[in-house]
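K.L.:
Below: one structure in structure tokens.
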Amino acid sequence: MLMNSYILIKTTGWLIMAKITLNNLSHSYLTKQNNDSDWALRGVNIDWKDGGAYALLGPSGCGKTTLLNIISGLLKPTKGEVLFNDKDVTTLNPVERDIAQIFQFPVIYDTMTVYNNLAFPLKNRGLSETEIDAKVKEIGEMLELTSTLNNKASGLTADGKQKISLGRGLVRSDVNVIMFDEPLTVIDPHLKWVLRSKLKELHQKINRTMIYVTHDQIEALTFADQVVVMHEGQIVQTGTPVELFEKPKHTFVGHFIGSPGMNILPCEIKNGQINFEGKILPTNTNLKRSNFNKTQVGIRPEFVNFSDDGIAVKVKRVSDTGRHKVIDTECESGSIKILASSSTQIPSGSAHITFDQKYTYAYGDNWIIE
Amino acid sequence: MNKTFNQKAWFFVIPVFVLVAFNAAVPLMTVVNYSFQETFGSNVFAWEGTRWFKEILHSERFHASLGRQVIFTFIILLIQLPLGIGIALTMPKKGWGVPVCLILMSMPLLIPWNVVGAMWNIFALPDIGFLGNSLNTLGFDYNFTQQSGDAWFTTILMDVWHWTSLVVLLSYAGLNSIQPAYYQAAEIDGASRWDIFRYIELPKMKKVLTLAILLRFMDSFMIYTEPFVLTGGGPGNATNFLSLDLVKMALGQFDLGPAAAMSLIYFLIVLLICWVFYSIMMRDEARS
């Protein structure tokens, strides 16, 4: 049995993976830093297990590409360290780290054939012709590139080219982690779905650590087991898609994840209770601290219901998307969106609403109070 | 769709027709006119048919200057292209060095051609010129006004000085348009510096380089002012390139018929080579 698994490791070579740890990582593109905004990354800590599928999610300019380039070794962090399997690799270059990265735009070697593109990283690592041939054919098969192996790479369509980029990462059996930097940006919408399923399938087949950077929540949530949400150079929450949806740790996560995003409205916190519009809102969380500059209450539109009494609102607009209705209402503190099933009767004019106690959270200075 | 038909629009095109007629069509037709006739001045012409063309095509003088021209163009392309690419590769990509390099590189291109010729003439004079004097002091027997090898050396050096910048600027623009991801991917793939040049930079520079070759070919093949001022085609006929020879024939000897025939042949050679080059370029484009 032991012998068998040993042989398996030897032949597939695919069980060499890495745990990735980021310790208090900060990076700035400036030589002098005066305030928080001069930092592209601020105090990032991450612990990623072997063989997981992770997504880095955030809007443009939040620092996710910077973080990715630090993990791959293309960028040296200003502060902090990167560990692969508890070994410090902060000063190593990408080749020494044995990583693969797929970029936003397909990167191919125009003058080479598809076959030579895939063989290139292996040739540079001094593998024998027979080994290269076997590996390239295997990956070509996996990515459905077999029929085009002998064509010039420059003649392929955008998704074909992106498959080559992906293939150059996959052919190497020594890869610690495969990283994707918004790899589907230039792909047609209907192919996006195909390629994304392909990636997911590949992850299950080869079981290597994959990190996927995107600003598209659907892409992140469908690809990853664990999603890391970034905002202004910081990690605001790490969790499964369900956790991010049900319990946002930061108002940004509430806004960014979900469509429409979370309702976040100013409130007061007194005696461990949320005071909103002159009423006390019941919540399951324990509110001990209350000394914040700004306190807010957050509730997802999915968890707001019409009722006979509760918070008084005016119904402003109803948009029917087919599967559900999005209702815009207005109370004194601001607007509240409600998501209801298409069959729900919507009162017109004045109405009353209640929040689901289980999903009502209080935020102090944008971070959840618990 | 309803198009408005208004023939008055032709009036707008008239200025262009007139302009092109005066600066291209009419002079060219005059040359064509001269090439089939003999003239003795005072507007007296005699029909000669294709005599001048036959004469030029069989003339040793034409063969010699065409040969010199081809060798000259070949040599300067051979030097300027690799040198230009090499300089572009070593130029900084950001910081204060970028404008400094760009300005330094543009300087030779901004100097009028006859000034370049005069400058190099004085610079290379064996007795008082800095280059000529230094070479002689170092023990070389250098005199571009008397030794044809030295004349060629000086002419080529002058052209390299004057025009390599063009190749540099074009290559630099080509290099700068390469996405950083290509370099990053190559780094991850473990590519060597040579691999990066061979498989990324050179293919990505292909378009600007074909442009550079085309421009340098045309300009060097038609070179006139600089060697005219520097060597005047001498010593003897050593640096007597096509355009210099043409002017000598037309204005020096006043052989307008043969000169007209020669300029048409000259024109067709340039046109033919450019066309061949352009079609190869376009064919590659269509294939990829």
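We did not get these values from a lab; they are worked out from the coordinates using the rules stated. These figures come from a predicted structure and were not determined experimentally. Here Cβ is always computed from backbone atoms with ideal geometry, including for glycine, and neighbour counts include all displayed protein chains.
K.L.:
Can you tell me the FRET efficiency between B:Val20 and A:Thr130 if r is taken as the Cβ-Cβ distance and R0 is 41 Å, rounded to the nearest 0.05?
P.N.:
Details: r = 65 Å, r/R0 = 1.59.
After rounding to 0.05, the efficiency reads 0.05.
K.L.:
Under the definition of Cα pairs under 8 Å and six or more residues apart, what whole-number percent is the relative contact order of region B:1-96? It would help to have the intermediate numbers written out before the result.
P.N.:
Details: 22 pairs, mean separation 10.9, N = 96.
The value is 11 percent.
K.L.:
Just report the Cα centroid separation between region A:296-343 and region A:155-180, whole Å.
P.N.:
Using only Cα atoms to place each centre, the spacing works out to 45 Å.
K.L.:
Shifting gears a bit: Between region B:236-284 and region A:27-49, how many Å separate their Cα centres?
P.N.:
Here the two parts' Cα centres lie 64 Å apart.
K.L.:
For chain B, return all DSSP H helices satisfying: extent of Cα atoms along own axis at least 24 Å; mean Kyte-Doolittle hydropathy at least 0.5. Please report the intermediate quantities before stating the final value.
P.N.:
Values: long enough: B:60-90 (45 Å, 1.24); B:148-176 (41 Å, 0.74); B:202-221 (27 Å, 0.80); B:256-287 (46 Å, 1.35).
Helix filter hits for chain B: B:60-90, B:148-176, B:202-221, B:256-287.
K.L.:
Search the structure for amide H atoms under 5 Å from the amide H of A:Met112, placed 1.01 Å from N in the peptide plane, and list their residues when 5 or more places away or on another chain.
P.N.:
A:Ala153
K.L.:
Could you check the spin-label model distance between B:Trp10 and A:Glu201? Points 7 Å from the Cα along Cα→Cβ, value in nm.
P.N.:
The modelled label-to-label distance comes out at 6.5 nm.
K.L.:
Same structure again: With unit charges on the beta carbons (Lys and Arg positive, Asp and Glu negative) and the dipole taken about the Cα centre of region A:268-318, which residue among A:Gly310, A:Pro282, A:Ile299 sits farthest to the positive side?
P.N.:
A:Ile299
K.L.:
Rank by packing, highest mean first: peptides A:180-191, B:11-22, with packing defined as the count of other Cβ atoms within 10 Å averaged across residues. Mind showing how you got there, number by number?
P.N.:
Working: A:180-191: 17.6, B:11-22: 9.7.
In descending order of packing, they fall as A:180-191, B:11-22.
K.L.:
Under 5 Å between amide hydrogens, which residues at least 5 positions from B:Glu38 or on another chain qualify, with H placed 1.01 Å from N in the peptide plane?
P.N.:
Answer set, sorted by chain and number: B:Ala46, B:Trp47, B:Glu48.
K.L.:
Next up: Set the Förster distance to 35 Å, then compute FRET efficiency between A:Lys316 and A:Asn271 from the Cβ-Cβ distance, nearest 0.05. Spell out each step's value before the answer.
P.N.:
Values: r = 33 Å, r/R0 = 0.95.
Result of the calculation: an efficiency of 0.60.
K.L.:
Another question about this same structure. What residue among B:Ala25, B:Trp152, A:Tyr212 has its Cα farthest toward the positive end of the dipole of the protein assembly as shown, where the charges are +1 on Lys, Arg and -1 on Asp, Glu, each on the Cβ?
P.N.:
In the protein assembly as shown, that residue is A:Tyr212.
K.L.:
Now, a different point. With only Lys, Arg, Asp and Glu charged, each at its Cβ (+1 for the first two, -1 for the last two), find how big the charge dipole of the protein assembly as shown is about the Cα centre; round to the nearest 20 debye. Intermediate results must be reported in sequence, preceding the final value.
P.N.:
Numbers: 57 positive and 58 negative charges, 195 e Å.
Computed charge dipole of the protein assembly as shown: roughly 940 debye.
K.L.:
Can I ask one more? What is the extension gain from B:Lys54 to B:Ser134, computed as 0.36 nm multiplied by their sequence separation minus the C-alpha to C-alpha distance, in nm to one decimal? Mind showing how you got there, number by number?
P.N.:
Values: separation 80, 0.36 × 80 = 28.80 nm, distance 4.78 nm.
So the chain would gain 24.0 nm between B:Lys54 and B:Ser134.
K.L.:
Using a 10 angstrom cutoff on alpha carbons, build the Gaussian network for chain B and name the most mobile of B:Leu89, B:Leu131, B:Leu104.
P.N.:
So, out of B:Leu89, B:Leu131, B:Leu104, the one fluctuating most is B:Leu104.
K.L.:
When only C-alpha pairs under 8 Å and at least 6 residues apart count, what is the relative contact order of region B:66-287, in percent?
P.N.:
Details: 209 pairs, mean separation 59.4, N = 222.
Computed over region B:66-287, the figure is 27 percent.
K.L.:
Continuing with the same structure: Give the relative contact order (percent, whole number) for chain A; include only Cα pairs under 8 Å separated by 6+ residues. Could the numbers behind the result be given before it?
P.N.:
Working: 752 pairs, mean separation 59.4, N = 370.
Once normalised by length, the contact order is 16 percent.
K.L.:
Ok, one more. Run the simple label-point estimate for A:Thr285 and B:Asp195 please: 7 Å along Cα→C-beta, distance reported in nm.
P.N.:
5.0
K.L.:
If I model a spin label as a point 7 Å beyond the Cα along the Cα-Cβ vector, how far apart are those points for A:Asn35 and A:Ser343 in nm?
P.N.:
Reported label-point gap for A:Asn35 and A:Ser343 is 5.4 nm.
K.L.:
Can you list the lysines whose alpha carbon sits under 28 Å from that of B:Lys54, skipping same-chain ones fewer than 8 residues off?
P.N.:
Once the sequence-local lysines are set aside, what remains near B:Lys54 is B:Lys248.
K.L.:
How large is the charge dipole for chain B, taken about the Cα centre, if only the Cβ atoms of Lys, Arg (+1) and Asp, Glu (-1) carry charge, to the nearest 20 debye? Can you show the working numbers first?
P.N.:
Values: 17 positive and 18 negative charges, 210 e Å.
Dipole about the Cα centre, nearest 20: 1000 debye.
K.L.:
So if I place +1 on the C-beta of Lys and Arg and -1 on the C-beta of Asp and Glu, and nothing else carries charge, what would the dipole magnitude of region B:212-288 be about its Cα centre? I want it in debye, nearest 20. Kindly include the intermediate steps, with their values, before the conclusion.
P.N.:
Values: 4 positive and 6 negative charges, 26 e Å.
It works out to roughly 120 debye.
K.L.:
How well do other chains shield peptide A:69-77, expressed as the mean number of their Cβ atoms within 10 Å of each residue Cβ?
P.N.:
Values: counts 1, 0, 0, 3, 3, 7, 1, 0, 0.
Per residue, the number of nearby Cβ atoms from other chains is 2 on average.
K.L.:
Along the charge dipole of chain B, Cβ charges K/R +1 and D/E -1, which of B:Gly49, B:Leu83, B:Gly174 sits furthest on the positive end?
P.N.:
Of B:Gly49, B:Leu83, B:Gly174, it is B:Gly174.
K.L.:
Right, another one. Between their Cα atoms, which of A:Lys135/B:Lys206; A:Lys200/A:Lys325; A:Lys161/A:Lys192 are more than 24 Å away from each other? Provide the component values of the computation, followed by the final result.
P.N.:
On the way: A:Lys135/B:Lys206 32 Å; A:Lys200/A:Lys325 32 Å; A:Lys161/A:Lys192 13 Å.
Exceeds cut-off: A:Lys135/B:Lys206; A:Lys200/A:Lys325.
K.L.:
For peptide A:101-112, compute the average count of partner chain beta-carbon atoms within 10 Å of each residue's beta-carbon. Can you show the working numbers first?
P.N.:
On the way: counts 6, 3, 7, 2, 3, 2, 10, 4, 10, 8, 7, 2.
Taking all residues of A:101-112 together, the mean is 5.
K.L.:
Take the Cα of A:Asp50, step 7 Å along the line toward its Cβ, and report every residue of region A:162-185 whose backbone nitrogen sits under 17 Å from that point.
P.N.:
A:173-178
K.L.:
Listed highest first by mean packing, meaning other Cβ atoms within 10 Å per residue, what order do A:105-113, B:216-224, A:164-172 come in?
P.N.:
Values: A:105-113: 20.4, B:216-224: 18.3, A:164-172: 23.2.
Packing order, densest peptide first, comes out as A:164-172, A:105-113, B:216-224.
K.L.:
How much FRET efficiency would the formula 1/(1 + (r/R0)^6) give for A:Trp367 and A:Ile218, where r is the Cβ-Cβ distance and R0 is 30 Å, rounded to 0.05?
P.N.:
Details: r = 26 Å, r/R0 = 0.86.
My answer for the efficiency is 0.70.
K.L.:
Would you work out if the protein assembly as shown is rounded, prolate or oblate? Take a ≥ b ≥ c from the square roots of the eigenvalues of the alpha-carbon gyration tensor; rounded if a/c is under 1.5, else prolate when a/b is larger than b/c, oblate otherwise. Can you show the working numbers first?
P.N.:
Details: a/c = 2.70, a/b = 2.13, b/c = 1.27.
Prolate is the answer for the protein assembly as shown, as a/c is 1.5 or above and a/b outweighs b/c.
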